[in-house]
Amino acid sequence: MLGLMQDWPLLVHKIIDHAATYHGTREVVTRSVEGPIVRSNYAQIARRSRKVASALEGLGIALGDRVATMAWNTQRHIETWYGITGIGAVYHTLNPRLFPDQIVYIANHAEDRVLFFDITFAKLVEELAPRLKTVKHYICLTDAANLPKANIPGLVAYEDFIADGDESFAWKEFDEHTACGLCYTSGTTGNPKGVLYSHRSNVLHAFVAAQADAMGLRAVDSVMPIVPMFHANAWALAFSAPMVGCKLVLPGPKLDGDSVCEMLTNEGVTMTAAVPTVWLALLQYLEKTGKTLPKMSRVIIGGSAAPRSMIEAFEKQYGITVIHAWGMTEMSPLGTLGTMKPNNIDLPYEQQLDYKCRQGHPPFGVEMKIVGDDDREQPRDGHAFGRLKVRGPAVAKAYFRGEGAGSFDEDGWFDTGDVATLDPDGYMTITDRAKDVIKSGGEWISTIEIENIAVGHPSVAEAAVIGVAHPKWDERPLLIIVLKAGKSATREELLTYLTGKIAKWWMPDDVVFVDEIPHTATGKIQKTALRERFGKYRLPTAAA
Ligand code: AMP
């Protein structure tokens, strides 16, 4: 017997309609790419999104067509997403930080038909355009006065493009399983692979993200997604903030400590989300200037592990609660969030911190397990570790065009490529990416754990650990350090600092100091580049 409830397809543009109707005057504030702060609201954005939809339909864009965006977090970028999805086309976020060859590969693989881009990327788009085989329309997200002079075929300014669009355009109706968004994983090996979100998965994921024990969004919140929309959907915030009616603050292209602090302060931001590298810059800026952020209540840190010292600095010095989160492009992206539970909320702070350093517990809608090399499930005892596998309604079941099929098993589990432990309280801890873990004398060493402790040293700005070949132990850890400006530390000081904080046999065999640690297009430490640079490094312990 079937239930007798209504069929109300979960379509993402219903979110902007809801926001326009019930939170219509709630502000959306952007630091525009042109420079000035621009103020709008959900009612205006809903109208302008319909103009985008109608103008795209005028170009012949229809159900299933891919429409690319290469843009910062701005009001116009949000409008393009809702406009694109409102006709059943697919927004495809291009990460401008990728190498040009990778962008060309991705856009051609996706067969993008239109490209919306910010003025920042005009030169890049000019260089790429001759190689983008399927893109027929180039729309720069600005007005005629600011349109860059660039040799891009048929270039048009966004404001001109939507000027004659119909602001009462009727959204299309279609099945909720229809493709909605496309994002390629940066993939450190092989070609990038496309993750194709559906309307249903995006709407369900927005519900999940908003929950009290996830991001805890409320209409009274002012939310600033610093994490770019081209990095795994800005962690759902372009959907979950309007769903709830939060004020939305969009930082545009300026992500340095000074600019971020200015937006957080002036717009009364209560909740924000970004990767640790952004927070490193902000914390250094706050330390230098003595400024504080009295309105901020919580900060989401994810994309890479949040070091203990960073969590402590936010919570103790600035009174801002940290929610450590883990996820992946393939998971829309949220997988776990580190909010407190009844069994740990009353513990002494140092013990609470132990939990906050873990990657968190999964909300409803994410199933997880860890498996050994034989694919057998490992115990959830907080000690056994194995490859982390996940399932859920907002988790990919395949990559676009069937690539990377090996990551999905017959029972519908997706292999994350992360190595993790699960504890009896439901918290998950990432030990490493499977390909970064160090295998020393048959035992595994967690590079993430050593890095997170090393950055707690007062002179250390950033730390990375890689495995280097060793004649006796196969591999041993090498600690790579970037010092804070004006600070110093020796190899011996750092090793002494680690002593007692990690197992003896995890102790790095050597320390090297570098000016900079390379990062991937999504802000993670680029271990492949470090392994290339230091792969042949001769450890002092290798001589014997
Ligand atoms: P991406 O799809 O680019 O977001 O990358 C996903 C990967 O980032 C995950 O598989 C993890 O390896 C890593 N990652 C994300 N969040 C965390 C976190 N909180 N701690 C450690 N690693 C993380």
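Computed from the coordinates by the stated procedures, all read-outs in this text should not be read as laboratory data. All values reported here derive from a predicted model rather than from experimental measurement. Every residue, glycine among them, receives a Cβ derived from its backbone with ideal geometry; neighbour counts consider all protein chains shown.
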Straight-distance crosslink candidates among lysines, where the alpha carbon sits under 28 Å from Lys291 and sequence neighbours closer than 8 are dropped: Lys247, Lys254, Lys316, Lys356, Lys484, Lys487, Lys524
If amide hydrogens are placed 1.01 Å from N in the peptide plane, which non-local residues have theirs closer than 5 Å to the one on Glu475? Gly441, His470
Packing-ranked peptide list from 210-221, 40-51, highest mean Cβ count within 10 angstrom first, is 40-51, 210-221
Rounded to the nearest 5, the percent of DSSP beta bridges in the stretch 274-414 running antiparallel is 70 percent
Fully extended, how many nm does the chain gain between Thr289 and Tyr22 (0.36 nm per residue separation, minus their Cα-Cα distance)? 92.1 nm
Pull up all non-local amide H partners of Asp510: gap of 5 or more, or a different chain, and H-to-H distance under 5 Å with H placed in the peptide plane. Leu479
Once phi is turned into θ = phi - 60°, what whole-Hz ³J(HN,Hα) does the Karplus curve with 6.51, -1.76 and 1.60 give for every residue of the stretch 382-397, x standing for Gly and Pro? x, 10, 5, 10, x, 6, 8, 10, 9, 9, x, x, 10, 10, 4, 9
Among the DSSP beta bridges whose two residues both lie in the stretch 438-542, what percent are antiparallel, rounded to the nearest 5? 75 percent
Please report the antiparallel percentage of the DSSP beta bridges confined to the chain, to the nearest 5. 55 percent
Extended-chain gain in nm, criterion 0.36 nm per residue less alpha-carbon gap, Asp374 and Ala62: 107.7 nm
Applying the Karplus parametrisation 6.51 cos²θ - 1.76 cosθ + 1.60 with θ = phi - 60° to the phi angles of the stretch 330-347, what ³J(HN,Hα) value in whole Hz is obtained for each residue in order, glycine and proline being reported as x? 5, 10, 6, x, 6, x, 9, 9, x, 7, 7, 10, x, 7, 10, 5, 9, 6
Give the Debye-formula value of log10 I(q)/I(0) at each listed q (0.06, 0.09, 0.10, 0.11 Å⁻¹), with one equal scatterer per alpha carbon of the chain, two decimals each. -0.29, -0.67, -0.83, -1.00
